[in-house]
Each structure stands twice: as structure tokens, then as C-alpha cells.
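Below: the structure, in C-alpha cells.
The values are calculated or read from the model by the stated rules, or taken from the named source; none is laboratory data. Small disclaimer: the values here were computed from a predicted structure and weren't measured. Cβ placement follows ideal geometry from the backbone for every residue including glycine, while neighbour counts extend to all protein chains displayed.
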Amino acid sequence: MNYCDTVPNQLNAFFTSSNELRLLTNKARQLMALQQQLELVIPPSLQRGCRVIQLNQQTLVLSADNGAIASKLRQMTTEIAAKLRHTGSDITTIQILVQVSTPQHIAPLENRSISQSGKTQIAKLADELIDSPLKDALNRLVQQSKPK
């Protein structure tokens with residue numbers, strides 16, 4: 001048996017060594033299972049911005065990354081609770097908290113080029129527009145794009 005095989009066993013032994021740790025471990029497992037069930041019943045667009053943070057008696061507390069996600073979840077609380085009850089969870093109430101998280105680093109978009117015919121078409125469209133922010137943006141796009 002190597003080191004990597006013994007570490008999980010040692011951790012499991014540690015987490016079951018006292019009643020307090022055993023209760024904490026069971027609670028963490030319960031919340032992780034609820035998170036998995038939640039991800040099955042909410043739309044994919046909400047899954048990344050929503051987390052189970054607490055279950056207190058029959059009240060499930062969810063964290064939303066922003067107000068828009070929280071608003072959509074609030075509209076769906078009755079439906080979510082019903083679907084979770086259908087999976088065996090004894091949830092009667094859902095509370096939504098907004099907890100803004102630090103956004104993950106998003107890799108910058110790679111520079112893309114526009115073909116000469118594309119540039120010509122964009123420039124032609126810009127010429128047909130009245131002076132506006134859109135016209136300015138199209139002109140900048142044509143000037144800044146690299147040749148393909």
C-alpha cells in the first residue's frame with residue numbers, strides 16, 4: 001500500500017475519531033448531496049452561481065453570486081422545493097442569500113482577425129449609419145483588426 005492509498009483512510013479515521021467530527025462530516029456530506037440534487041433541478045445557467053450553504057431543520061439556505069441569480073432562484077423556490085422533496089429531501093422553505101464572490105480569472109480572448117471582405121462590409125455598413133457610438137465602434141473595429 002502506498003502513501004496515496006493510506007491518506008484517505010487516515011483522514012476517514014480522523015473524521016470519525018470523535019462524535020463532534022463525525023457530526024460535522026455527516027453534515028458536510030448531507031450538504032454536498034443536496035448541492036448535487038440542486039444542480040439536477042435548477043437550470044444549467046444558474047448552477048455555477050448557486051451553492052447550498054446550510055440546511056436548518058426544513059429550511060434550505062442557498063447562496064447566489066449576484067442579484068440576478070438570486071432573483072431567478074426566488075422565483076423558482078416553490079418549484080425547487082417540490083423537486084427536492086420528490087428526491088427525498090424534507091425541505092419546506094428555501095432562503096436565498098446574495099454572497100458576491102471574487103470572479104475567477106478569465107483568460108483574455110485571443111485576438112481574432114477579420115478578412116478583407118469582412119472589413120469592407122463593416123466599413124460599408126458604418127458609412128451608411130448616422131454619426132453614433134455604433135458607427136464609431138464599427139470604424140474602430142475595422143482600423144484595429146489585424147489582416148487575415
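Scanning segment 39-69 for residues that are more than 13 Å from ILE80 (Cβ to Cβ) and touching a residue at least 40 places away in the same chain (Cβ under 8 Å) yields a single hit, ILE53.
Residues of segment 65-93 that are more than 16 Å from ALA33 (Cβ to Cβ) and either outside the structural domain of CYS50 (by TED's automatic domain parsing) or β-branched (Val, Ile, Thr) (or both): ILE69, THR77, THR78, THR92, THR93. Taking the stated definitions as given, is ARG85 free of Cβ contacts under 8 Å to residues at least 24 places away in the same chain and either over 29 Å from LYS27 (Cβ atoms) or exposed (fewer than 13 other Cβ atoms within 10 Å of the Cβ) (or both)? When the stated conditions are applied, ARG85 does not pass them. Inspect all residues belonging to segment 48-55 and state whether any of them is out of contact with any helix residue (DSSP H, G or I) (no Cβ under 8 Å at 6 or more places or on another chain) and over 22 Å from LYS27 (Cβ atoms). Among the residues of segment 48-55, at least one is out of contact with any helix residue (DSSP H, G or I) (no Cβ under 8 Å at 6 or more places or on another chain) and over 22 Å from LYS27 (Cβ atoms), which makes the answer yes.
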